[in-house]
1. On the given criteria, is residue B:23 facing chain A (nearest Cβ under 9 Å), on the phi < 0 side of the Ramachandran plot and of a type in the set (S, T, N, Q)?
2. What is the number of the single condition among (1) outside any loop (DSSP other than H, G, I, E, B); (2) in contact with a Gly (Cβ under 9 Å, 6 or more places away or on another chain); (3) under 16 Å from residue B:111 (Cα atoms) that residue B:22 does not meet?
3. Failed condition for residue A:55, given (1) out of contact with any Pro (no Cβ under 7 Å at 6 or more places or on another chain); (2) under 28 Å from residue B:134 (Cα atoms), with all others met?
4. Given the options B:78, B:142, B:69, name the one that is within 14 Å of chain A (Cβ to nearest Cβ) and either more than 16 Å from the chain's Cα centre (by Cα) or modelled with pLDDT of 80 or more (or both).
5. Looking at (1) assigned to a loop (DSSP other than H, G, I, E, B); (2) farther than 21 Å from residue B:35 by Cα; (3) among the basic types (Lys, Arg), which one does residue B:57 not meet, given that it meets all the others?
6. I'd like the full set of residues that are assigned to a loop (DSSP other than H, G, I, E, B) and charged (D, E, K, R), limited to the range B:79-129.
Amino acid sequence: MPTLDAAFSALSDPTRRAILARLVIGEATVLELAKPFKMTQPAISQHLKVLEGAGLIVRRIEGTRRPCRLAKPGLDEVDRWLAMLRSALEKNYDRLDHVLAEMKPEKLRGKR
Amino acid sequence: MSKMMLKTEGDKYVVVTRHFAASPESVYRAHTDPNLIQRWLLGPDGWTMPVCISEARPHGKIRYEWTDGKGGGFYLTGEYLELEPFSRIVHVERMHMPDPTPDSRVETRFDADGAGTMMTMRMTLPDIETRARMLATGMEHGMEASYVRLESIL
């Protein structure tokens with residue numbers, strides 16, 4: 001994921017977040033996306049360009065259609081967040097082990 | 001048995017389980033007593049929590065302020081909703097980075113498990129925007145290396 005800044009800025013727009021939410025269901029063309037969002041095709045195309053540049057979606061060519069779908073790196077974002085949470089929690093709980101060990105010297109029964 | 005387990009429950013919740021070699025009472029106290037919280041709830045190495053408010057009663061306030069000692073920092077506020085000594089805590093929390101993230105409800109259970117305690121924490125998975133902001137903050141604060149390392153393990 002070389003483009004986290006781009007992804008971050010792409011995600012700052014509510015329309016682009018809504019487009020991503022729509023693409024979770026499956027592939028869609030510009031035309032199919034323009035309809036529910038009540039936006040012009042060029043406006044949607046502009047948003048798709050930003051999302052594509054950020055590595056969040058990919059587009060393929062199918063005749064005259066260019067359907068887009070979520071890119072794998074975009075989906076990995078949840079895993080990245082979970083990995084950050086896991087890293088922080090593991091460090092915390094390792095420290096908590098030490099705190100707990102010091103909390104119960106009375107239970108060590110004169111060990112050492 | 002001390003290995004932490006972290007899994008998602010649908011796309012709404014994250015559930016973390018971890019065994020501790022101490023009684024539920026001790027683990028519960030370590031989660032509610034500010035003097036104890038300040039010693040372990042710190043995240044990446046090098047961070048400290050100079051301000052820790054934890055009013056362990058229903059409607060009691062929570063405020064944790066972290067600093068990296070180099071001018072970086074953020075804080076979290078929240079409220080306790082339910083407390084069942086020494087088995088269960090329910091609270092809400094939000095991060096301020098500096099804009100507040102949406103409230104996250106967290107339920108933490110402490111169950112006797114052999115001579116120790118099995119802790120189960122169930123929290124709301126933040127929305128995509130919040131995750132992006134937290135990731136961006138995490139990167140700024142030099143957590144990149146640790147989670148890139150972890151990604152190779154996952």
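1. On the way: facing chain A (nearest Cβ under 9 Å): yes; on the phi < 0 side of the Ramachandran plot: yes; of a type in the set (S, T, N, Q): yes.
So residue B:23 fits the description; yes.
2. Residue B:22 satisfies all of (1) outside any loop (DSSP other than H, G, I, E, B); (2) in contact with a Gly (Cβ under 9 Å, 6 or more places away or on another chain); (3) under 16 Å from residue B:111 (Cα atoms) except (1).
3. It fails just one condition, (1).
4. B:142
5. That leaves (2) as the condition not met.
6. Selection gives B:99, B:103, B:127.
A quick yes/no check of all residues on (1) surrounded by 14 or more Cβ atoms within 10 Å (Cβ to Cβ); (2) of a type in the set (Lys, Arg); (3) farther than 21 Å from residue B:130 by Cβ:
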| residue | (1), (2), (3) |
| --- | --- |
| A:14 | no, no, no |
| A:17 | yes, yes, no |
| A:27 | yes, no, yes |
| A:33 | yes, no, yes |
| A:40 | no, no, yes |
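The values are calculated or read from the model by the stated rules, or taken from the named source; none is laboratory data. Remember, it's a predicted structure, so these values are computed and weren't measured experimentally. Don't worry about glycine lacking a Cβ; one is built from the backbone with ideal geometry, like all the others, and counts go over all protein chains shown.
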